[in-house]
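One structure is given here, and the rest of the page talks about it.
The values are calculated or read from the model by the stated rules, or taken from the named source; none is laboratory data. The model shown is predicted, which means the values in this text are computed figures rather than measured ones. Every residue, glycine as well, gets a Cβ built from its backbone with ideal geometry; the counts of neighbours run over all protein chains shown. The area values use the complete protein model at the heavy-atom level, side chains included, leaving out ligands, DNA and RNA. Shrake-Rupley method; radii C 1.70, N 1.55, O 1.52, S 1.80 Å.
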Amino acid sequence: MKRKSVLIVAALFFLVFLGLSWFGISTVSRRLQIVHMEARFKAAEAALRQGRLLEAGYDYRRAVQAWQKGAQYSGYYPRICRAYLTAGNSYQQSGRLRAALKCYEEGLSGDPLSILFLTSIGSCAYRLGENKKAFTVLQKSRSIYPLKKSLLPVWVELERENQRVTRSAK
């Protein structure tokens, strides 16, 4: 009887060990893909600054691929918000605005007061023609942080558009 209970406890410990090992490997794999994405994004930014547009486009696409591969893994990764911003920027540079908007929104759920996410969502929504959403998000951003002078023309245009839509809805 005692031998049987020792075997059961040993089997339980072995199963816990296997589960934790799988979780750890998955976490490390996800982190590795995020690091790869960030490196590709930095390489793309450097290539863009130097005027090598084809190389920059290639690196942005590779960054997106690394993000998508990393998203397949589960695991524990506490500071993933910054990675959502990098992924969103990579999608945006690749011309995939809907996917970029989704990344920014997921990142915003982890850091609801982030000016970077708020302005990125506003910019993406504006480029997609979703002016009401852009206005709402940028209004929230403006209530938390003061408006930069460079954004004032965009803000005025969005405010006019929002007023026009509000009047036409009445």
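Residue check: ALA100 meets all listed conditions (1) among the aliphatic types (A, V, I, L, M); (2) open to solvent by 80 Å² or more (accessible area, probe 1.4 Å); (3) within 29 Å of ARG142 (Cα to Cα) but one, namely (2). Checking the conditions here, which among SER109, SER29 is part of a helix (DSSP H, G or I) and either modelled with pLDDT of 90 or more or closer than 17 Å to VAL137 by Cα (or both)? Result: SER109 is the single residue among SER109, SER29 that is part of a helix (DSSP H, G or I) and either modelled with pLDDT of 90 or more or closer than 17 Å to VAL137 by Cα (or both).
Every condition in (1) within 23 Å of ASP111 (Cβ to Cβ); (2) of a type in the set (Ser, Thr, Tyr); (3) open to solvent by 50 Å² or more (accessible area, probe 1.4 Å) holds for TYR84 except the one numbered (3). Just one of the listed residues (ARG31, ARG62) is of a type outside the set (A, V, I, L, M, F, W, C) and farther than 16 Å from TYR91 by Cβ, namely ARG31. For the residues CYS103, CYS124, the requirement of being under 17 Å from ILE34 (Cα atoms) and either touching a residue at least 12 places away in the same chain (Cβ under 8 Å) or assigned to a helix (DSSP H, G or I) (or both) singles out CYS103. Kindly indicate whether GLY110 is open to solvent by less than 60 Å² (accessible area, probe 1.4 Å), in contact with a Cys (Cβ under 7 Å, 6 or more places away or on another chain), touching a residue at least 12 places away in the same chain (Cβ under 8 Å) and of a type outside the set (D, E, K, R). Yes; evaluated as a whole, the condition is true for this residue.
Being open to solvent by 70 Å² or more (accessible area, probe 1.4 Å), among the β-branched types (Val, Ile, Thr) and part of a helix (DSSP H, G or I) holds for only one residue in VAL35, VAL16, and it is VAL16.
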